[in-house]
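Enquirer: Once you've had a glance at the structure underneath, I'll fire off some questions.
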Amino acid sequence: MKKIEFFRHGIGDEEIERVGGVLRSLFLTTGNEVAEFEETLAGYLGLPETVAVTSCTAAMQLALLAEGIGPGDEVITTPLTFIGSVNAILMTGATPVLADVDRSTGNIDPAAVAGAVTPRTRAILPVHLYGQMCDMEALRQIADSNGLFIVEDAAHTLEGEWNGKRPGHYGDYACFSFYATKNVTSGEGGAISLKDQGKCDLLKQLRLHGFDRNAMERYTDHFEQYDVRILGWKYNMDNIHAAILNEQMKKLSSMLKRRKEIYRIYLDAFSGIEGIELHDIRPEARHACHILTLLVDPEKRDTVMSEMQNRGIGMSINFHPVHLMTYYRERFGYKKGDFPAAEEIGSRTLTIPFYPKLTAEEIEYVIENLIDIVRSS
């Protein structure tokens with residue numbers, strides 16, 4: 001039986017060699033490799049600063065903390081996301097307030113966001129789902145009208161744009177993931193982009209216990225005593241992960257080109273097939289082509305997924321709505337029916353293998369089997 005993994009990373013000899021160089025060097029933790037990656041990422045995004053951390057969840061938590069968000073505050077986000085988006089809010093002590101999504105794209109609905117604003121709202125945390133940015137002009141208008149910050153969860157959309165602007169240009173912060181399945185990966189990792197250069201030093205202190213100087217500054221020459229004036233966390237990226245990312249960034253354009261080719265093949269194959277629905281791509285958006293999700297009959301979804309796996313094809317679900325998971329239902333009293341659009345997508349969605357290393361034969365195998373299973377189920 002043919003075996004097609006759900007995902008295969010694009011780490012190559014260049015990354016391995018660069019990591020070897022770091023391991024043979026003196027300094028393994030936050031240092032020159034991290035600084036180079038931060039500069040490269042900021043340049044790619046066209047923003048003044050980025051701060052490298054250990055995950056996108058950490059990035060979102062620190063961005064919210066940098067604006068003083070905490071207990072008693074509310075942050076609006078979406079129920080159709082990975083749990084890190086909601087957990088980052090909880091980890092600040094603030095309360096997540098969910099707003100339903102646009103049924104056609106899966107992204108947070110600006111009208112629902114506007115209806116969720118209360119006197120306690122401090123920020124909006126939109127999630128750019130699957131690789132397509134949210135309607136950031138509408139969200140920016142809501143934020144400005146109510147004196148709110150925007151922290152973008154851009155884990156899926158490093159290469160995305162909305163009307164020519166990349167993540168972080170509409171929001172006050174954008175947060176990125178370099179987890180194993182992301183378009184650019186170091187296995188684990190994250191970053192925060194920001195326009196306010198004055199917040200950069202604060203974020204660097206927040207990512208490292210609140211220290212006013214990092215290890216490289218303390219030990220490179222003569223030891224210098226550090227001070228701690230604020231409470232921080234242990235979220236600093238190390239040179240090992242940054243070395244991988246420095247080589248991955250060199251491949252970003254070529255990997256995106258291949259992802260777009262595969263994305264188009266899939267869209268052409270599944271468009272018009274009875275029983276398979278695709279999300280809309282808005283004309284304002286340049287899609288980052290992160291993952292490809294399809295919608296099928298909710299009564300058949302689990303059967304389709306199981307049969308695809310029986311035929312050797314890796315599958316996933318992105319996402320089961322957060323508010324239907326036990327912890328969040330019990331803590332906040334959510335129930336089925338609270339966010340109908342997110343729930344419908346969550347009950348119908350399937351994610352198929354999609355990454356640059358897929359061969360033409362593998363792509364065709366996925367297409368043929370999915371269509372056959374949907375038609376026969």
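Enquirer: Please list, ordered by residue number, the strands (runs of 3 or more DSSP E) wholly in segment 69-132 having 1 or more residues that are hydroxyl-bearing (Ser, Thr, Tyr) and in contact with an Asp or Glu (Cβ under 6 Å, 6 or more places away or on another chain).
Expert: Here the list reads 95-98, 121-124.
Enquirer: Return only the number of the condition from (1) surrounded by fewer than 17 Cβ atoms within 10 Å (Cβ to Cβ); (2) polar (S, T, N, Q); (3) within 18 Å of the chain's Cα centre (by Cα) that residue 145 does not satisfy.
Expert: (3)
Enquirer: Are any residues in segment 206-224 assigned to a helix (DSSP H, G or I) and modelled with pLDDT under 95, and if so, which ones? Outline the logic, then answer.
Expert: We begin by selecting, within segment 206-224, every residue assigned to a helix (DSSP H, G or I); these are 206, 215-219.
215, 216, 217, 218, 219 - these are the residues of segment 206-224 that are assigned to a helix (DSSP H, G or I) and modelled with pLDDT under 95.
Enquirer: Among the residues of segment 14-31, what is the count of those that are outside any loop (DSSP other than H, G, I, E, B), under 25 Å from the mean Cα position of the chain (by Cα) and either among the polar types (S, T, N, Q) or surrounded by fewer than 14 Cβ atoms within 10 Å (Cβ to Cβ) (or both)?
Expert: 1
Enquirer: Select from segment 184-203 the residues that are in contact with a His (Cβ under 7 Å, 6 or more places away or on another chain) and surrounded by 24 or more Cβ atoms within 10 Å (Cβ to Cβ) and write down the one among them that is farthest from residue 59 (Cα to Cα).
Expert: 186
Enquirer: Residue under question is residue 189, and the condition is that it be closer than 30 Å to residue 376 by Cα and among the small types (Gly, Ala, Ser); does it hold?
Expert: On the way: closer than 30 Å to residue 376 by Cα: no; among the small types (Gly, Ala, Ser): yes.
No; evaluated as a whole, the condition is false for this residue.
Enquirer: Please verify whether residue 112 is at pLDDT 95 or above and crowded, with 24+ Cβ neighbours inside 10 Å, treating the condition exactly as stated. Break it down stepwise before answering.
Expert: Values: at pLDDT 95 or above: yes; crowded, with 24+ Cβ neighbours inside 10 Å: no.
For residue 112, the condition - at pLDDT 95 or above and crowded, with 24+ Cβ neighbours inside 10 Å - is not met.
Enquirer: Is it the case that residue 87 is within 16 Å of the chain's Cα centre (by Cα) and without any contact (Cβ under 8 Å) to a residue 60 or more places away in the chain? Full working, then the answer.
Expert: Details: within 16 Å of the chain's Cα centre (by Cα): yes; without any contact (Cβ under 8 Å) to a residue 60 or more places away in the chain: yes.
Taking the combined requirement at face value, the residue satisfies it.
Enquirer: Looking only at segment 283-314, how many residues end up being among the hydrophobic types (A, V, I, L, M, F, W, C) and within 24 Å of residue 128 (Cα to Cα)?
Expert: The first filter runs over segment 283-314 and keeps only residues among the hydrophobic types (A, V, I, L, M, F, W, C), leaving 285, 288-289, 291-292, 294-296, 304-305, 308, 313.
Then keep just the ones that are within 24 Å of residue 128 (Cα to Cα); that gives 285, 288-289, 291-292, 294-296.
Residues meeting the conditions: 8.
Enquirer: Report, by residue number, each residue of segment 117-132 that is at negative phi and crowded, with 18+ Cβ neighbours inside 10 Å. Before the answer, list the steps.
Expert: Start the filter on segment 117-132 by keeping residues that are at negative phi, which leaves 117-129, 132.
117, 121, 122, 123, 124, 125, 126, 127, 128, 129, 132, listed by residue number.
Enquirer: Can you pull out every residue in segment 267-281 that is in contact (Cβ under 8 Å) with a residue 60 or more places away in the chain and out of contact with any Phe, Trp or Tyr (no Cβ under 8 Å at 6 or more places or on another chain)?
Expert: Step one: of segment 267-281, the residues in contact (Cβ under 8 Å) with a residue 60 or more places away in the chain are 269-270, 273-277, 279-281.
If the condition is that a residue be in contact (Cβ under 8 Å) with a residue 60 or more places away in the chain and out of contact with any Phe, Trp or Tyr (no Cβ under 8 Å at 6 or more places or on another chain), then 269, 270, 273, 274, 275, 277, 280, 281 are the ones that fit.
Enquirer: What are the pairs with Cβ atoms under 6 angstrom where one residue, in segment 21-33, is under 23 Å from residue 190 (Cβ atoms) and in the same structural domain as residue 190 (by TED's automatic domain parsing) and the other, located anywhere, is among the small types (Gly, Ala, Ser) and outside any loop (DSSP other than H, G, I, E, B)? Sequence gap at least six, or different chains.
Expert: 22/243; 29/215; 33/242; 33/243
Enquirer: Aliphatic (A, V, I, L, M), under 14 Å from residue 319 (Cβ atoms) and in contact (Cβ under 8 Å) with a residue 60 or more places away in the chain - does that describe any residue in segment 58-72? Outline the logic, then answer.
Expert: Applying the first criterion (aliphatic (A, V, I, L, M)) to segment 58-72 yields 58-60, 62-66, 69.
Within this subset, residues satisfying the condition of being under 14 Å from residue 319 (Cβ atoms) are none.
Within segment 58-72, none of the residues are aliphatic (A, V, I, L, M), under 14 Å from residue 319 (Cβ atoms) and in contact (Cβ under 8 Å) with a residue 60 or more places away in the chain.
The values are calculated or read from the model by the stated rules, or taken from the named source; none is laboratory data. All of these numbers come straight from a predicted model, not from anything done at the bench. Positions of Cβ are backbone-derived with ideal geometry, glycine not excepted, and every protein chain shown enters the neighbour counts.
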